[in-house]
Amino acid sequence: MSQNNPFSLSFGKKPQSTINRATNESEIIDNFQSENPAYQVCMITGVRGSGKTVSMTTIANRFKNRDNWIVVDLNPEVDMIHALAVELSNHSMLIQIFKDAKINLSFLGLGVELKGTPPITDISVALDRMLEHLTKINKKILVTIDEVSNNKSVRTFTSQFQIYMRKNYSVFLIMTGLYGRIFELQNDKTHTFLYRAPKLELKPLNLGLIAESYKRYLGVTNDEANEMAKLTLGYPFAYQVLGYLCFEKKMSYTDVIPEFDFYLEELVYEKIWSEISTKDKSVLRGMCNTENTKVEAIRSAIDMDSNNFTVYRKRLLKKGLIRDIEYGHLTFALPRFKEFIQRQIF
Ligand SMILES: Nc1ncnc2c1ncn2[C@@H]1O[C@H](COP(=O)(O)OP(=O)(O)O)[C@@H](O)[C@H]1O
Ligand SMILES: [Mg+2]
């Protein structure tokens, strides 16, 4: 066993102990680097703690340090056209390239004065010129945006991005976001192109790999590692919390469950609960109130007709809060979420 805890409680950062999601990630990587990419935009959705940021970072890291790729991470809360122009014009690999191409960005405060070339005075024109030139010299630009919502800066940027794609620029975009936000964004009438963009819904991590990792880092038996993996339901944040606590406390997993619950509740479940609608909550409560996982049993527990139920069921599935284990049966997707709901009064 190593000295430092290999598990981590922090979000958005690649942990030391990572479970491979190779298939999902390599599909996007292979597509982006193929001669004729089937898509240039994709979105990663999943519940909080499902690993969206880590997945996107893993993909982005595969393109960084490659000669013909420029990777830029943008903050969805600021003017992203401006931010991208600034990033590209300041990129150490590109300063000389833009100079040689006589793209004069000095008026915008983005580059040095170029004699004999009039400066560009509009930021979108500048960005367009940079992208056009980068495409011409075979450089590809990957933009990543974490946690998008349907706000003005995201809408402006994605509409502009659509134009770059139409012009055949070598631009690629990955966005992450909660299902509801991605859904709103792609339903915005200016964003029909996002409708066709693939959405990667993050699935649970492989339980066998989780068990292997617990055995390796915690020295637990096969049986215990399997039980622990089952307890996490493959939910990445739960995998980290359970490993972290067992490592830190040197206790068996059954003894850390109260603390496991505490971390899940404090860091994720309270937030999730505060963001779901009353109707969604009543479906989830219905699932708590019956041991039976059958749709009919849940429906009758909350007295909801079949058509209505179908709408909520679909939404909760998309949000990653429930799973259909087999036809007509539903269970919770997040570990100990049922116990959490049972503690909620409102
Ligand atoms: N592939 C993975 N293997 C193991 N742990 C992971 C993996 N992806 C994410 N995690 C862990 O899950 C938690 C949430 O990851 P993060 O990417 O921040 O989720 P999101 O962005 O969906 O909220 C973090 O603690 C992170 O360490
Ligand atoms: Mg995140």
- Can you tell me which residue in the stretch 42-74 is nearest to the chain's Cα centre (by Cα), limited to those that are free of Cβ contacts under 8 Å to residues at least 40 places away in the same chain and surrounded by fewer than 16 Cβ atoms within 10 Å (Cβ to Cβ)? ASN61
- Query: Can you name the residue in the stretch 137-182 that is at pLDDT below 95 and within 16 Å of ligand 1 (Cβ to nearest atom) and is also farthest from SER50 (Cα to Cα) among such residues?
  - Reply: SER149
- Query: Which of the helices (runs of 4 or more DSSP H) contained wholly in the stretch 196-305 include at least 2 residues that are in contact (Cβ under 8 Å) with a residue 24 or more places away in the chain and among the basic types (Lys, Arg)?
  - Reply: 278-288
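For every residue, the table says whether it meets (1) within 30 Å of THR331 (Cβ to Cβ); (2) of a type in the set (Val, Ile, Thr).
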| residue | (1), (2) |
| --- | --- |
| ILE137 | no, yes |
| ASN150 | no, no |
| THR158 | no, yes |
| HIS191 | no, no |
| LEU194 | no, no |
| ILE210 | yes, yes |
| GLY219 | no, no |
| PRO236 | yes, no |
- Message: Would you confirm whether or not the stretch 107-114 contains a residue that is buried (at least 20 other Cβ atoms within 10 Å of the Cβ) and either touching a residue at least 24 places away in the same chain (Cβ under 8 Å) or within 16 Å of ligand 2 (Cβ to nearest atom) (or both)?
- Response: yes
- Query: Of all residues in the stretch 136-157, which are in contact with a helix residue (DSSP H, G or I) (Cβ under 9 Å, 6 or more places away or on another chain) and without any contact (Cβ under 8 Å) to a residue 60 or more places away in the chain?
  - Reply: ILE137, ASN150, ARG155
- Is it true that some residue in the stretch 1-17 is surrounded by fewer than 18 Cβ atoms within 10 Å (Cβ to Cβ), among the hydrophobic types (A, V, I, L, M, F, W, C) and within 15 Å of ligand 1 (Cβ to nearest atom)? yes
- Note on the structure: When every residue in the stretch 33-53 that is under 25 Å from GLU184 (Cα atoms) and part of a helix (DSSP H, G or I) is compared, the one farthest from ligand 2 (Cβ to nearest atom) is LYS52
- Task: Could you tell me whether GLU227 is closer than 29 Å to ILE325 by Cβ, modelled with pLDDT of 95 or more and touching a helix residue (DSSP H, G or I) at 6+ places or on another chain (Cβ under 8 Å)?
- Result: yes
- Failed condition for ASP324, given (1) in contact (Cβ under 8 Å) with a residue 12 or more places away in the chain; (2) under 29 Å from the mean Cα position of the chain (by Cα), with all others met? (1)
- Would you tally the residues in the stretch 1-10 being within 26 Å of ILE182 (Cα to Cα) and out of contact with any helix residue (DSSP H, G or I) (no Cβ under 7 Å at 6 or more places or on another chain)? 1
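The values are calculated or read from the model by the stated rules, or taken from the named source; none is laboratory data. In this text, all values refer to a predicted model and were calculated from it rather than measured experimentally. Virtual Cβ from ideal backbone geometry, glycine too; neighbours counted across all protein chains shown.
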